[in-house]
1. Out of the stretch 44-70, which residues are open to solvent by 90 Å² or more (accessible area, probe 1.4 Å), within 19 Å of Leu5 (Cα to Cα) and of a type outside the set (Lys, Arg)?
2. Name the single residue that is least open to solvent (accessible area, probe 1.4 Å) among those in the stretch 7-43 being modelled with pLDDT under 75 and out of contact with any strand residue (DSSP E or B) (no Cβ under 8 Å at 6 or more places or on another chain).
Amino acid sequence: MRGALVLLSTISIVAVLVVTALTGRWPPVPGRLPGDIRIEGQSGSFYFPITTCLLISLLLTLALNLWLRWFRGGR
């Protein structure tokens with residue numbers, strides 16, 4: 001099981017690096033979604049991606065639940 005986790009981590013890191021190299025953007029995140037907070041002023045700007053954070057949290061929660069159900073036999 002540890003080998004699978006190491007392999008998955010390695011694949012994820014390589015995928016992020018490839019996407020970054022192809023798009024020229026770091027980090028490769030979904031971007032400005034509706035609901036993200038952006039305030040721009042004359043002296044600076046503030047950006048808080050609250051919708052992006054919620055979406056990533058939801059996806060990671062679903063992935064972890066599926067992962068645990070798969071390896072624990074559906075308990």
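1. Within the stretch 44-70, Leu59, Leu60, Leu62, Leu64, Leu66, Trp70 qualify.
2. First, the residues of the stretch 7-43 that are modelled with pLDDT under 75: 25-32.
This time we only want the ones that are out of contact with any strand residue (DSSP E or B) (no Cβ under 8 Å at 6 or more places or on another chain), so: 25-31.
Numbers: Arg25: 121, Trp26: 173, Pro27: 66, Pro28: 51, Val29: 65, Pro30: 78, Gly31: 16 Å².
Among residues in the stretch 7-43 that are modelled with pLDDT under 75 and out of contact with any strand residue (DSSP E or B) (no Cβ under 8 Å at 6 or more places or on another chain), the one least open to solvent (accessible area, probe 1.4 Å) is Gly31.
The values are calculated or read from the model by the stated rules, or taken from the named source; none is laboratory data. Given the structure is predicted, the values throughout are model-derived calculations rather than measurements. Cβ: placed from backbone, ideal geometry, glycine included. Neighbour counts: every protein chain shown. In case anyone asks, the SASA skips ligands and DNA or RNA and just uses the protein heavy atoms, side chains included. Shrake-Rupley method; radii C 1.70, N 1.55, O 1.52, S 1.80 Å.
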